[in-house]
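First the structure, in the form of structure tokens, and then the observations on it.
No value in this document is a laboratory result; all are computed from the given coordinates. As the structure is a computational prediction, the values presented were derived from the model and not from experiment. Using ideal geometry, Cβ is built from the backbone for each residue, glycine included, and neighbour counts are taken over all protein chains shown.
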Amino acid sequence: MKVILAAVGAFLVGIVATFLVIGGGNNSETAQSFITPNKMADAVHVVIEADRTAYSKNIVNRLVNEEKVIKATEHWKEDKSLLLPAQMFRAGSELAQKNSSDFSYALLSLWPINKQNKAKTPAEREGLQAVIDHPNEPFYKEETLGKKRYFTAVYADVGVAPACITCHNEHKDSPRKDFELGEIMGGVVIRIPLN
């Protein structure tokens, strides 16, 4: 599992490095003239969404629901089971943040099962509501946290596999139990430092 997480983290760090090289190296003024924060966030989101969808559909849904060879549980280490898709997302996010300070990302929701996945800033709350109202449009906003300015992007997170829907609808701590396949369940929040 550590190898998979390391590969995902390395891949995301590679994307950031590629953007910096395309933009002229480590000179942030030169890089910003070629790669805007929203373009960088969009590109990072494409990779995150692809990995999340592939894991949810090709691993969890296939092995748990279709072939029924293993379970996916919250206590995956103790149960010797698969990580839930949200746990895989968090593990990759934490590894990426440990390896790079060029950006961070999180999976948040207005209806989180795990309270640490709720929106904490006004921009996160506004962004989550915006992607519910307009799921095909990313939400972009600049915000200041502490003394740092950030470009914050929020993208709709869609329930792509029956495993996602079943887990959320049947979980004892879920504040919402009526999700349907293809519905917005939350948002991917990508934050890029500006100063």
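Listed by Cβ neighbour count within 10 Å, with the fewest neighbours leading, D173, D42, D79, D102 appear as D173, D79, D42, D102.
Less than 5 angstrom separates the built amide H of D157 from those of M185, G186, G187, V188, all sequence-distant by 5 or more or on a different chain.
Rank these for me by crowding, H75, H134, going from fewest to most other beta carbons within 10 Å.
So the residues, fewest neighbours to most, are H75, H134.
What shape does region 87-192 have by the C-alpha gyration tensor, where a ≥ b ≥ c are the square roots of the eigenvalues, rounded means a/c under 1.5, and otherwise prolate means a/b greater than b/c and oblate the rest? Don't skip to the end; give the middle numbers.
Numbers: a/c = 1.98, a/b = 1.52, b/c = 1.31.
It is prolate, given that a/c is not under 1.5 and a/b is the larger ratio.
A cut-off of 5 Å between modelled amide H atoms, ignoring neighbours fewer than 5 places along the same chain, links L82 with K71, A72, T73. Extension gain for the segment R62 to Q87, taken as residue separation times 0.36 nm less the Cα-Cα distance, is 7.3 nm to one decimal. Between K118 and T36, the C-beta separation translates, for a Förster distance of 30 Å, into a calculated FRET efficiency of about 0.55.
Could you list Y155, Y150 so that the one with the fewest beta carbons within 10 Å of its beta carbon is first and the one with the most is last? Walk me through the numbers on the way to the answer.
Values: Y155 25, Y150 22.
With the fewest neighbours first, Y155, Y150 line up as Y150, Y155.
Phi angles of region 111-120 translate, via the Karplus equation with coefficients 6.51, -1.76, 1.60 and θ = phi - 60°, into HN-Hα couplings of 10, x, 6, 9, 4, 6, 9, 8, 5, 10 Hz per residue; Gly and Pro are given as x.
Please compute the length gained on full extension between T144 and Q97, using 0.36 nm multiplied by the number of residues separating them and subtracting their Cα-Cα distance. Let's see the in-between values first.
Details: separation 47, 0.36 × 47 = 16.92 nm, distance 1.89 nm.
15.0 nm is the gain from fully extending T144 to Q97.
For a straight C-alpha distance cut-off of 25 angstrom, the lysines reachable from K80 (same-chain residues fewer than eight places away being disregarded) are K2, K57, K68, K71, K115, K172. With each label modelled as a point 7 angstrom along the Cα→C-beta vector, the R176-I132 pair spans 0.5 nm.
Computed from phi, the 3J(HN,Hα) profile of region 139-147 under the Karplus parametrisation 6.51, -1.76, 1.60 (θ = phi - 60°) reads 9, 10, 7, 8, 9, 10, 10, x, 10 Hz, with x in place of Gly and Pro.
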